[in-house]
Amino acid sequence: MASELDKIAEELQKEMWAGYSEVVIDHAQNPRNLGSIRNADGFASVTGPCGDTMEIWLKVRNGAIKQATFWTDGCGTTIAAGSMVTELAKGKTIANALRITQQDVLDALGGLPEESVHCALLAANTVKEAAKDYLTIRNEPWKRAYRKTSQL
Ligand code: FES
C-alpha cells in the first residue's frame, strides 16, 4: 500500500513533468549512455547560455561512432537531451553526426516546451563539437596529448 509520502512524491513528479512527452520523462529518469569513455576518440565540453554544461565522449571505428556517452550538470530535460543525442549519434558516420540538429533531438524526444528547447540545442552543439574534436585528433594526432578531457 502506497504511503501518504509516496502519493505526495508521485503528485510532485506529475506536476514537474507536466507538458513533457513520455519519451522525455523516460530518458530523464533512465538516461542512456551516461558516463565517460577513457581514451575517447572525440570529446567536447560545451556550456550553454543558461550556464549548464554538457560533455560528450565518442569512440569511433572505421569512421562510424561505435559508442557515445554524455554527462551534464543540467536539469532533467538536459539529461533527456544528452541521452537522446548520444542514442542518435551511435552508428552514424562522423559526417552524419556533424549534421545532427536541435530539431533532430526535439523530434526524437517528441518535442519540448518552449522554455526547454535550448536543452536540445546544447546537446546537438556538444555532439557536433565532439565530432569536430575527432577530426582534429585524426588530422593532428599529437594534439591528443594536449587535450583536456574530463574523466568521471
Ligand atoms: Fe540549461 Fe537545459 S536548462 S541546458
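The values are calculated or read from the model by the stated rules, or taken from the named source; none is laboratory data. Nothing here was measured: the structure is a model prediction, and the numbers come from that model. Glycine gets a Cβ as well: all are built from the backbone with ideal geometry, and neighbour counts include every protein chain shown.
Can you find, within the range 66-75, the residue that is surrounded by the fewest Cβ atoms within 10 Å (Cβ to Cβ) among those that are more than 9 Å from the ligand (Cβ to nearest atom) and in contact (Cβ under 8 Å) with a residue 40 or more places away in the chain?
Among those residues, the one meeting the criterion is Trp71.
Please go through (1) at pLDDT 95 or above; (2) buried (at least 18 other Cβ atoms within 10 Å of the Cβ) for Ile137 and return the number of the only condition it doesn't satisfy.
Failed condition: (1).
Can you tell me which of Val85, Val46, Val60 is more than 13 Å from the ligand (Cβ to nearest atom), touching a residue at least 12 places away in the same chain (Cβ under 8 Å) and under 18 Å from Glu129 (Cα atoms)?
Val60
Please specify each residue of the range 31-43 satisfying the condition of being without any contact (Cβ under 8 Å) to a residue 40 or more places away in the chain and either within 15 Å of the ligand (Cβ to nearest atom) or surrounded by fewer than 16 Cβ atoms within 10 Å (Cβ to Cβ) (or both).
Asn39
Just name the residue that is farthest from Thr69 (Cα to Cα) out of those in the range 11-52 that are of a type in the set (A, V, I, L, M), touching a strand residue (DSSP E or B) at 6+ places or on another chain (Cβ under 8 Å) and not in a loop (DSSP other than H, G, I, E, B).
Result: Val46.
Counting residues that are closer than 18 Å to Gly19 by Cα and touching a helix residue (DSSP H, G or I) at 6+ places or on another chain (Cβ under 9 Å), which helices (runs of 4 or more DSSP H) fully inside the range 60-152 reach at least 1?
Because the criterion is at least 1 residues that are closer than 18 Å to Gly19 by Cα and touching a helix residue (DSSP H, G or I) at 6+ places or on another chain (Cβ under 9 Å), the helices (runs of 4 or more DSSP H) in the range 60-152 that meet it are 76-89, 102-109, 117-139.
Determine which member of the set Arg99, Arg32, Arg61 is out of contact with any Leu (no Cβ under 8 Å at 6 or more places or on another chain) and farther than 25 Å from Arg144 by Cα.
Every option except Arg32 fails the conditions.
Which members of the range 96-139 meet the condition of being within 15 Å of the ligand (Cβ to nearest atom) and of a type in the set (S, T, N, Q)?
Gln102, Ser116, Asn125, Thr126
If only one of Ala9, Ala28 is over 30 Å from Pro141 (Cβ atoms) and at pLDDT 95 or above, which one is it?
On inspection, the qualifying residue turns out to be Ala28.
Surrounded by 10 or more Cβ atoms within 10 Å (Cβ to Cβ), of a type in the set (Asp, Glu) and part of a strand (DSSP E or B): is that true of Glu55 in this structure?
yes
Here are some conditions: (1) within 16 Å of the ligand (Cβ to nearest atom); (2) free of Cβ contacts under 8 Å to residues at least 12 places away in the same chain. Gln13 meets all but one. Which one does it not meet?
Single failed check for Gln13: (1).
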